[in-house]
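The values are calculated or read from the model by the stated rules, or taken from the named source; none is laboratory data. Keep in mind that what you see is a predicted model, and the values were worked out from it rather than measured. Heads up, the Cβs are rebuilt from the backbone with ideal geometry, glycines too, and the neighbour counts pull from every protein chain shown.
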Amino acid sequence: MSEKAKKLLTFSLPAIVVLILDQLSKHAIRTNPNLHQVDLIEGWLAFNFTKNPGMAMGMDWLSTPTISIIAISATIGIIGYIVYTLNKANFGYLMCMGLIIGGALGNIYDRLFMGIVGGYGGVLEGHVVDFIHFYLRVGDTPVFPYIFNVADIAISTSIIVMILFHKKIMPEEERKESNEIEDNAAEISGGKDAGATDHSAIGSDVGKD
């Protein structure tokens, strides 16, 4: 198998796995009323079936079709960027991006078809199926008041990993640019220190005269 084929597999396989797991879990929750509201760990975690017409975290600044179009456009753009930088990308980066794209496709599928399946709208009018509810409270304040799904977990986990390990995961070109910025900053700082030393030396010589 060629290097390019390995990279494509590293990217596409996580995306496919996340998409399948996301849709299977949503279908199971949606079609089984007994799972619509279930305590898994009392006081901590539950299934709570909801349909989200807006964006992540319950934000609904835009209409559902507009959000759907933005999500589809963004996903196409990300896939295009990944293909463009494929030769420079490492396997860790491609795996993380595969998880992100898989999660994005899972939620986009809902937006495209759930309106038709649920009988409340057409293409682009579907609501995203959410059901995982981490409802731990500290006093009267919920620790995490949002309900999410498998796709959201994949996206969030990948973003956190990429932030924590960006120097190892990000494509080589972006790492080089980051290193060049750091080197330039170090040179500027070093130049200022050198200048200060020279002035001190001059001042010392003048004092001797």
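The residues of segment 37-72 that are free of Cβ contacts under 8 Å to residues at least 24 places away in the same chain and of a type outside the set (D, E, K, R), listed by number, are GLN37, VAL38, LEU40, ILE41, GLY54, MET55, MET59, TRP61, LEU62, SER63, THR66, ILE70.
Of the numbered criteria (1) assigned to a helix (DSSP H, G or I); (2) under 23 Å from the mean Cα position of the chain (by Cα), the one ARG30 fails is (2). If you check LEU105, LEU62 for being assigned to a loop (DSSP other than H, G, I, E, B) and more than 25 Å from VAL143 (Cα to Cα), only one passes: LEU62. Criterion applied to SER25, SER2, SER12 was being among the small types (Gly, Ala, Ser) and more than 25 Å from the chain's Cα centre (by Cα), and the one residue passing it is SER2. Checked against (1) under 19 Å from ALA151 (Cβ atoms); (2) at pLDDT below 95, THR66 passes all but condition (1). Just so you know, in segment 90-143 the residues that are of a type in the set (A, V, I, L, M) and out of contact with any helix residue (DSSP H, G or I) (no Cβ under 8 Å at 6 or more places or on another chain) include one that is nearest to VAL161 (Cα to Cα), and it is VAL143.
Being more than 23 Å from THR75 (Cβ to Cβ) and surrounded by fewer than 18 Cβ atoms within 10 Å (Cβ to Cβ) is the filter here, so list the residues in segment 7-37 that pass it. If the condition is that a residue be more than 23 Å from THR75 (Cβ to Cβ) and surrounded by fewer than 18 Cβ atoms within 10 Å (Cβ to Cβ), then ALA28, THR31, ASN32, PRO33, ASN34, LEU35, HIS36, GLN37 are the ones that fit. Confirm whether LYS4 is assigned to a helix (DSSP H, G or I), surrounded by 18 or more Cβ atoms within 10 Å (Cβ to Cβ) and in contact (Cβ under 8 Å) with a residue 24 or more places away in the chain. Here the answer is no, as LYS4 does not meet what is asked.
Of the residues making up segment 121-139, one or more are among the β-branched types (Val, Ile, Thr) and part of a loop (DSSP other than H, G, I, E, B). The residue list LEU86, LEU99 contains one member that is in the same structural domain as VAL17 (by TED's automatic domain parsing) and over 16 Å from the mean Cα position of the chain (by Cα), which is LEU86.
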